[in-house]
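The values are calculated or read from the model by the stated rules, or taken from the named source; none is laboratory data. In this text the structure is predicted, and so the values were computed from the model without any measurement. Reconstructed Cβ throughout: ideal geometry from the backbone, glycine too, with neighbour counts over all protein chains shown.
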Amino acid sequence: MQNPRTASYWKEKLQMISHVEGGAYKETYRAALTFPQQVLTPEHQGARNASTAIYFLLQYGEFSAFHRIASDEMWHYYDGTSLYIYEIKPDGSLHIHKLGLDVEAGEQPQVLIPAGSWFASRVEAQDGYCLCGCTVSPGFDFTDFELATKSVLQQQYPQHADVIATLTR
């Protein structure tokens, strides 16, 4: 049976808005518990909620541009087609994760991107979309968010210049 839901359906029903990195999102959780700066890494610029969560949606033709954050981010698959998450680890290795339910085809229902990795994502199935969730701990704060500059990232990782060119703004 074909999925009757569309990207527009999810955006409307979940009241999602545009995200600066690309795609659409809706924050769904921000823990009341906070961690003081003293127990966090130097990359965290102040106290942080213990955890945060969002819905995130990308459609074919869009991409979430390379960025990194100061916390671990767990991705959870919900609906649509698979999502390719491109991760450049601090050692320069490139890993392409497939978020989805077809484990026989190498997809995983959850994908972890550790703090400090550069990552970007896109739907590669024509006319597809992916509704997923992202849980961040310690919680997400835009002051810990760094959007990549194409030329700087390509200079740092020249072996991945082509993928960086297609997944930065």
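For the reader, a short list of remarks on this structure follows.
- F66 fulfils the conditions (1) out of contact with any helix residue (DSSP H, G or I) (no Cβ under 7 Å at 6 or more places or on another chain); (2) hydrophobic (A, V, I, L, M, F, W, C); (3) assigned to a strand (DSSP E or B); (4) touching a residue at least 60 places away in the same chain (Cβ under 8 Å) except for a single criterion, (1).
- Flag for V20 being loosely packed, with under 12 Cβ neighbours inside 10 Å and among the β-branched types (V, I, T): no
- Residue check: E104 meets all listed conditions (1) closer than 29 Å to D162 by Cα; (2) modelled with pLDDT of 95 or more; (3) in contact with a strand residue (DSSP E or B) (Cβ under 9 Å, 6 or more places away or on another chain); (4) surrounded by fewer than 19 Cβ atoms within 10 Å (Cβ to Cβ) but one, namely (3).
- Cβ pairs under 9 Å, 6+ apart, first in region 152-168 and touching a residue at least 12 places away in the same chain (Cβ under 8 Å), second of a type in the set (A, V, I, L, M) and in a loop (DSSP other than H, G, I, E, B): I164/A148; L167/A148; T168/A148
- Apart from one condition, G46 fits all of (1) touching a residue at least 60 places away in the same chain (Cβ under 8 Å); (2) at negative phi; (3) in a loop (DSSP other than H, G, I, E, B); (4) not aromatic (F, W, Y); the exception is (2).
- Test: Y78 is aromatic (F, W, Y), in contact with a Ser or Thr (Cβ under 7 Å, 6 or more places away or on another chain), surrounded by 13 or more Cβ atoms within 10 Å (Cβ to Cβ) and more than 27 Å from S151 (Cβ to Cβ): no
- Within the set P90, P138, the sole residue that is at pLDDT 95 or above, out of contact with any strand residue (DSSP E or B) (no Cβ under 7 Å at 6 or more places or on another chain) and not aromatic (F, W, Y) turns out to be P90.
- Residue check for E73: more than 14 Å from C134 (Cα to Cα) and either in a strand (DSSP E or B) or modelled with pLDDT of 95 or more (or both): no
- Of the numbered criteria (1) surrounded by 15 or more Cβ atoms within 10 Å (Cβ to Cβ); (2) out of contact with any helix residue (DSSP H, G or I) (no Cβ under 9 Å at 6 or more places or on another chain); (3) among the polar types (S, T, N, Q), the one S71 fails is (2).
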